[in-house]
Amino acid sequence: MHDFLLKELVTEDIEQELKNIGFDKTYTHFAKSKFEYKNFKIFNLSPAQANILKQTAISVGADCGTHREVITGKIENSSCILGGSYSQFIKISKKLQAQPFGLKILGQMLEQQVLDLKSPAKTKIMGVLNVTMNSFSDGGEFYDFEKSIKHLHELIEDGADVVDIGAESTKPYSTPVSAKSQLEKLIPILEYIKSENITIPISIDTRSSIVAQKCIELGADIINDVSGFDYDEKMVDVLSNNPDVKIVIQHSQGNPENMQKSPHYCNLMDEIFINLKNKVDLALSKGIKKENIIIDPGIGFGKTKEHNFEILSRWKELKTIGCPILIGLSRKSLLGMPDATNEEKDIYTLALDSILMQEKVDYIRVHNVKIHKTFQNIMG
């Protein structure tokens with residue numbers, strides 16, 4: 001009897017594995033698509049569309065799950081789960097483009113998704129500089145101008161790719177801070193950055209369009225709006241009028257005053273996905289360039305601990321929107337360490353962020369840049 005040895009492969013570099021077994025090197029780049037698999041959820045298809053999609057999938061050896069009444073036509077619509085290899089998806093997309101009922105557009109979308117699902121070479125580290133008195137992690141520590149400037153330099157020296165400066169705490173149950181008060185803290189720092197010719201990209205953590213506009217005038221490169229345009233409807237116009245500035249659109253259920261009062265979702269990832277997709281579409285409709293949009297699922301913003309960990313395990317679903325993804329979990333309550341020191345919280349933050357960095361999320365937002373950069377350098 002032959003002794004077989006069987007091992008599951010868990011790798012993002014299936015092309016190298018093919019080379020390792022002696023597969024034809026001239027064909028590995030093309031063959032790898034047959035070994036890379038994805039599942040897509042497609043929302044609200046008509047029974048006719050769903051039936052055609054299912055039959056098309058089956059015809060190339062893939063599969064498609066639909067509502068059980070699709071075949072009878074007793075329902076108005078059905079979401080579908082389409083699963084297969086990249087190679088099969090390309091075949092399905094080509095076949096759909098020859099079908100009626102608007103499926104040509106779906107075929108084009110599917111083809112584009114398969115071609116666009118790429119990861120960055122390395123995760124960018126966004127360092128946090130809070131100039132507030134009530135930040136949940138370091139309230140008041142850098143409120144003084146001299147201390148804030150010292151910490152700015154520390155973040156840069158520690159290897160931050162971006163520095164995110166905020167003068168309004170948006171921790172649970174916090175209250176809004178006026179634009180005037182925010183600018184009193186932000187303007188001197190931005191003027192210092194300009195006078196010293198500091199070139200690191202600067203992000204401003206604000207929900208206020210007034211603050212955003214003034215900070216952009218002073219050289220801010222990114223506006224990080226934790227409300228995702230919900231707090232100030234003029235924010236989207238400020239960004240559309242400043243075409244070289246990036247925007248972080250974050251998901252949040254509710255606002256800081258009420259977001260942690262029994263947050264509830266029927267389908268967490270679907271609701272976050274649809275909310276962010278709609279906001280990206282709004283931004284695009286206003287003329288904001290897609291390459292300037294970053295999305296953030298909003299860890300801790302209207303989420304339970306269970307919600308937060310589900311996001312961390314499924315964040316890649318948001319890549320389908322087609323924008324870089326930022327995740328900020330640093331020192332937050334999902335760590336379950338309310339009485340721990342910041343140094344202790346940073347260790348556990350790194351433990352979770354290390355997974356995200358290995359999965360090549362686009363950005364992580366952290367308080368302790370040094371340990372994250374050290375780990376990233378170890379990874380190579």
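The values are calculated or read from the model by the stated rules, or taken from the named source; none is laboratory data. From a predicted model like this one, the values you see are computed outputs, not experimental measurements. Note: ideal-geometry Cβ built from the backbone for every residue, glycine included; neighbour counts use all protein chains shown. To get the accessible areas, we keep the full protein, side chains included, count just its heavy atoms, and leave off ligands, DNA and RNA. Shrake-Rupley method; radii C 1.70, N 1.55, O 1.52, S 1.80 Å.
Descriptive notes on the structure:
- Of the residues Ile81, Ile58, Ile71, the single one that is of a type outside the set (Gly, Ala, Ser), out of contact with any Asp or Glu (no Cβ under 8 Å at 6 or more places or on another chain), in a strand (DSSP E or B) and open to solvent by 40 Å² or more (accessible area, probe 1.4 Å) is Ile81.
- Top-ranked residue in region 304-332 [being open to solvent by 10 Å² or more (accessible area, probe 1.4 Å), in contact (Cβ under 8 Å) with a residue 40 or more places away in the chain and assigned to a helix (DSSP H, G or I); ranked as nearest to Ile355 (Cα to Cα)]: Leu312
- Those residues of region 239-258 which are surrounded by 21 or more Cβ atoms within 10 Å (Cβ to Cβ) and farther than 24 Å from Lys319 by Cβ, in sequence order: Pro256
- Residues that are in contact with a helix residue (DSSP H, G or I) (Cβ under 6 Å, 6 or more places away or on another chain) and buried (at least 18 other Cβ atoms within 10 Å of the Cβ), drawn from region 191-205: Ile204
- Checked against (1) over 26 Å from Ser169 (Cβ atoms); (2) of a type in the set (Phe, Trp, Tyr); (3) open to solvent by 60 Å² or more (accessible area, probe 1.4 Å), Phe273 meets all criteria but (3).
- The sole residue among Lys290, Lys261 that is surrounded by fewer than 20 Cβ atoms within 10 Å (Cβ to Cβ) and closer than 18 Å to Val236 by Cα is Lys290.
- Selection of first residues in region 169-190 that are under 13 Å from Ser208 (Cα atoms) and of second residues that are of a type in the set (A, V, I, L, M, F, W, C) and open to solvent by 40 Å² or more (accessible area, probe 1.4 Å), restricted to Cβ pairs under 9 Å at least 6 apart or on distinct chains, gives the following pairs, ordered by first then second residue: Ser169/Met133; Ser169/Phe136; Ser169/Val177; Ala179/Ile210; Lys180/Ile210; Gln182/Ile210; Leu183/Ile210.
- Some residue of region 251-259 being within 18 Å of Ile293 (Cβ to Cβ) and of a type in the set (S, T, N, Q): yes
- Filtering region 212-238 to residues that are open to solvent by 40 Å² or more (accessible area, probe 1.4 Å) and among the acidic types (Asp, Glu) leaves Glu217, Asp221, Asp230, Glu233, Asp237.
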